[in-house]
1. So what's the Cα pair-distance distribution over region A:1-154, bin width 5 Å, in %?
2. Need one value for B:33-39: mean number of C-beta atoms belonging to other chains within 10 Å of its residues' C-beta atoms.
3. Once you charge only the Cβ atoms, +1 for Lys and Arg and -1 for Asp and Glu, what is the size of the charge dipole of chain A about its Cα centre, to the nearest 20 debye?
4. Please build a GNM for chain B, connecting alpha carbons under 10 Å apart, and tell me which residue among B:Ala110, B:Ala340, B:Ala214 fluctuates the most.
5. Residue separation times 0.36 nm, minus the C-alpha to C-alpha distance between B:Arg266 and B:Ala49: what's the value?
6. Within 10 Å of each Cβ in B:109-121, how many Cβ atoms from other chains are there, averaged over the peptide?
7. Based on the mean of other Cβ atoms within 10 Å per residue, sort peptides A:120-133, A:258-271 so the most packed one is first.
8. Give the residue from B:Ala182, A:Leu22, B:Leu239 lying farthest towards the positive end of the charge dipole for the protein assembly as shown; charges sit on Cβ (+1 for Lys and Arg, -1 for Asp and Glu) and the dipole is referred to the Cα centre.
There are 2 protein chains.
Amino acid sequence: MARVRISDVAAAAGVSVTTVSLVLNDVESRISAETRERVRAAAAAVGYAPSSVARGLRQQRTNTVGLISDQIATTPFAGRMLAGAQDVARENGKLVFLVDTSGDRVVEDAAIRALAAQQVDAMIYAAMWHRVVPVPESLPADAVFLDCRPEGGGRRSVVPDDHAGGVAAVRELVAAGHERIAYVDAVPGPGRPIAADLRLAGYREVLADAGIAADPLWHVHGEMSARGGRDAADQLLALDDARRPTALFCFNDRMAAGAYLAVRARGLRIPHDISIIGYDDQQLIAAEQDPPLTTVALPHYEMGRWAMEVALGIRVGETDATHQMECPVIRRDSVGPPPAHVGKQNRRRASQHTERSRDATPER
Amino acid sequence: MARVRISDVAAAAGVSVTTVSLVLNDVESRISAETRERVRAAAAAVGYAPSSVARGLRQQRTNTVGLISDQIATTPFAGRMLAGAQDVARENGKLVFLVDTSGDRVVEDAAIRALAAQQVDAMIYAAMWHRVVPVPESLPADAVFLDCRPEGGGRRSVVPDDHAGGVAAVRELVAAGHERIAYVDAVPGPGRPIAADLRLAGYREVLADAGIAADPLWHVHGEMSARGGRDAADQLLALDDARRPTALFCFNDRMAAGAYLAVRARGLRIPHDISIIGYDDQQLIAAEQDPPLTTVALPHYEMGRWAMEVALGIRVGETDATHQMECPVIRRDSVGPPPAHVGKQNRRRASQHTERSRDATPER
DNA sequence: CTGAAAGCGCTAACAA
DNA sequence: TTGTTAGCGCTTTCAG
């Protein structure tokens, strides 16, 4: 069955193609209501659907946007970014081209060129975790960076505010009355996420702020997996009673899940004996723990929306700077007050911090 | 900076646009090697990139394919399907339009029409879990269904072979020497995945085949979550010694993770006291358990590839039937022989099944 | 209020 | 071996 063209509609309605185009595109014009009606009826009757290809050629806009990513399709929560971007696109009548480069620079370059050849109206360059990315040479200057920062800056980008997230997490613990708070960190060295340093800074800031002298032994490292978290947490639990932390801030939920194992192995209970807070809010991990894990959520969906909104020019006035998006604390059941026999003398000071943690978003 | 057109290249090379088109598209033709070289140089010099929009209009093929899905972007492992489809597309110089409808029929219909207007060369309709889907009216007849079966059949589709997967899982257990094997199933009623019934059938088949009379109490149900799995498994563990199963086949990995909890709560060890096998191979769950969970993998990546290959006509000769794709057993550490004090007398028979389980894909 | 016609950038008959 | 030219289906001046 051959494609039905605008001329078919024109013929059916007994008017010119101009008229059809005018009414179907709602161009403010002086087409009589009667003709308008006739054209619409004819279009419906013959089952007309305009060719966006022809329209794209004529108007030089295709109503499509390209989304290039290293692995957006294969990482669990990054799909949320896609969904956010996708929703905004749809709300605005755009279709999105998705290209997953699996991190291959050659593929990436080819993809960007292919997208440019398609005359996409905008491009978004996404990473699956917060990091600094080299800017592909062929990438248009107005592309927006999603969940990554362009090397050298000077481009619009959106990333999670991991510093504020670290602050929020530790404040949550302080507010519950904890003073001996440990940070179960990722391993130093290359491959270390910048988020790890940002969250660490937040951790230190809150402790200093609360007048708590952090014991260096409370800062432990492990691989970013359940096993790594378990081993790192175990070091903490092995400390003698006077130094053993009552609360753990884990770099991510996988490590937190490992910490659960270490805690359980020693016959301790969460949150009765020890409180744990994670990061990422990975549904399959955090919500399924026993007890469910309190954590800090990565705002993937919102970042996806933001990126698409600025890419389409819906959200204006954004400077060429990096936008930091808030990471909210998701309260579940893994944080409680410290055991009665420790730190009682500081309860008063702790409650001041409770007040504080109720403030609005931490500044910065 | 204005777009550079083919005529610009022609001018720069001192030839006609035809010549440029011919050499740049490698059309077997009698263009002299010298001219060819000159054209290529000119194209590179002016930075020419052909407009796929114009080409699409002219050739009536756009080298794009549309992928409609209910929630492909937001479910963890379904991203693998996208990756598979994506890879095949890229290998063939196609770009894929992704549309996530969040299950909204109106959005879905609009998306299909938009894709048709874009003149995509093919369409794939994907679901995020194996089920029967109503066929959208506007969907082209040659669209291929991914991870779902079209209501009424008669379309090309690919789904996991959940029956064979169930068989493989239970054979794995039988091969290890188990006879008291339970199935931790999803709850009956609406919303029950068809995979649950298929796997159940596989379970029954293998037991019957092995001459094991299944105790009806070994078939328990629970919500498809860790909590549901824990509660269901606990019913099994509460059975008296003579009937308590030594191995659990869980409908999915989440439920298996719950079973771990139940086992641990009773002070039992995996796989020493009880063996567990899951389904799905959700990385974040299965690989991170302690011990790592043996499970059956859903071949998402392969299904994605298959769908794209038939959509593009690369894989030919596929009938209008449903293609079932093998689900391989992923061996980790949660399956071992049953405790020494049970079922010893049957060791011999069990070993026959070991032989059997080494066969190629189970027939059906 | 409506229509004729040009042209978006490209490919492919057909000519030369 | 290369060039001319007619569209692909649509939007949009410009005339009527």
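The values are calculated or read from the model by the stated rules, or taken from the named source; none is laboratory data. This one's a predicted model, so the numbers in the text were calculated from it and none came from an experiment. Here Cβ is always computed from backbone atoms with ideal geometry, including for glycine, and neighbour counts include all displayed protein chains. Note: accessible area is taken over every heavy atom of the protein model, side chains too, but ligands, DNA and RNA are not part of it. Shrake-Rupley method; radii C 1.70, N 1.55, O 1.52, S 1.80 Å.
1. Spelled out per bin, shortest first, that is 2, 8, 15, 15, 14, 10, 8, 8, 8, 7, 4, 1.
2. Values: counts 0, 0, 0, 0, 0, 0, 0.
Mean partner shielding for this stretch: 0.
3. Working: 42 positive and 46 negative charges, 107 e Å.
Here the size comes out at about 520 debye.
4. Answer for the Gaussian network model of chain B: B:Ala340.
5. Details: separation 217, 0.36 × 217 = 78.12 nm, distance 6.70 nm.
Residue separation times 0.36 nm, minus the Cα-Cα distance, leaves 71.4 nm.
6. Values: counts 0, 2, 2, 0, 1, 8, 2, 4, 9, 9, 5, 1, 0.
Taking all residues of B:109-121 together, the mean is 3.
7. Those peptides, ordered most packed to least, come out A:120-133, A:258-271.
8. Working it through, the farthest residue towards the positive pole turns out to be A:Leu22.
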